[in-house]
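The values are calculated or read from the model by the stated rules, or taken from the named source; none is laboratory data. Please read all numbers here as calculations on a predicted model, not as lab measurements. We place every Cβ from the backbone using ideal geometry, glycine too, and count neighbours over all the protein chains shown. These area figures cover heavy atoms from the full protein model, side chains too; ligands, DNA and RNA do not enter into them. Shrake-Rupley method; radii C 1.70, N 1.55, O 1.52, S 1.80 Å.
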Amino acid sequence: MSTCTARVLLCLSEKGLEYELVPVQMSKGAHKQQPYLSLNPFGQIPAFEDGDVSLFESRAICKYLALKHKDIGTDLLRSSSFAEATIVDLWMEVEAHQFNGPISAFIRQIFLNPMFGRAPDEKVIETETEKLGKILDVYEERLSKSKYLAGDYYTMVDMNHIPYLVYFMKTPYATVVTSRPHVSAWWKNVLSRPATIKVSSGMTL
Ligand code: GS8
């Protein structure tokens, strides 16, 4: 179910790395108690361990994996080129600080509110969809010039967008994406990747 966990799984899969996924009993509040809090003091999932390394924050975990394993699997950060890596960094900031807010607020209303017995707030849905549309207008322009968001190659920028979009595209609001031809073509491309197919097939909300 967890989008942030799915982001890390996408990265592991793009890199072709083996991993063990350890479920956290969130319904029992295990993420708000020890021993979990020693893995992520904010009491959120995911948390990640690799030998002596213990991390949280999905995007930081992905960066760690991409840097540690830069010579295998997909080159997600383009770190051998300063110019390319800078543009990857820029668009990763866009995903985290522009895109993530509205789409996560939208998903909370549509999927999570009903799970917790609350009705979705139509006003919030409308506001967040409008914000998302404006962000995707910028993406549409960008994607009319390059195949992917950071350039003509798939990177962590594209990957970081996937988890929330997988759920968003299951809603009637998917037209926010499909009505923008370049964004729509980008999404089809991103969705057809073996790592995306593998991870998204296990995502249920
Ligand atoms: C957000 C983690 C998060 O919101 C990251 O790892 O990228 N910036 C962090 N996790 C949610 C599940 S969605 O994947 C979570 O743990 N929610 C329960 C809570 O906040 O209590």
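Could you work out the relative contact order of region 41-185, using alpha carbon pairs under 8 angstrom and six or more residues apart, expressed as a whole percent? Write down the numbers at each step before the final one.
Numbers: 122 pairs, mean separation 32.5, N = 145.
Rounded, it is 22 percent for region 41-185.
So what is log10(I(q)/I(0)) for the chain at q = 0.13 1/Å, when the Debye sum runs over its Cα atoms only? Each listed q maps to, in turn, -0.75. Estimated from the Cβ-Cβ distance and a Förster radius of 25 angstrom, the FRET efficiency linking Glu141 and Glu49 is about 0.05.
Given a 1.4 angstrom probe, what's the average accessible area per residue across the chain, in square angstrom? It would help to have the intermediate numbers written out before the result.
Values: 10840 Å² over 205 residues.
Heavy-atom SASA per residue in the chain reads 53 Å².
Quickly rank 114-120, 127-133, 169-175, 151-157 as a protection proxy: mean count of other C-beta atoms within 10 Å, highest first. The partial results should precede the final answer.
Working: 114-120: 9.7, 127-133: 17.6, 169-175: 13.3, 151-157: 19.7.
Result, highest mean first: 151-157, 127-133, 169-175, 114-120.
The overall shape of region 116-205 is oblate: from the C-alpha gyration tensor, with semi-axes ordered a ≥ b ≥ c, the ratio a/c is 1.5 or greater and a/b is no larger than b/c. Holding the Cα-Cα limit at 29 Å, pick out from Lys170/Lys198; Lys131/Lys188; Lys15/Lys131 the pairs that are longer than that. Lys15/Lys131, as the Cα separations exceed 29 Å there.
Rounded if a/c is under 1.5, else prolate if a/b is larger than b/c, else oblate: which is region 1-60, with a ≥ b ≥ c the root eigenvalues of its Cα gyration tensor? Let's see the in-between values first.
On the way: a/c = 2.00, a/b = 1.53, b/c = 1.31.
It is prolate, given that a/c is not under 1.5 and a/b is the larger ratio.
For the set Phe82, Phe48, the ranking by accessible area, highest first and with no ligand, DNA or RNA atoms included, is Phe82, Phe48 under a 1.4 Å probe.
In this label model, Lys123 and Ser79 are separated by 4.7 nm, measuring between points 7 Å along each Cα→Cβ vector. The fraction of accessible area contributed by carbon and sulfur in the chain is 57 percent, rounded to a whole number (1.4 Å probe; ligands and nucleic acids excluded). Surface listing: Ser58, Ser38 arranged by accessible area from highest to lowest gives Ser38, Ser58, probe 1.4 Å. Between Val190, Val22, Val124, the Gaussian network model of the chain with springs among Cα atoms under 10 angstrom shows the greatest mean-square fluctuation at Val22.
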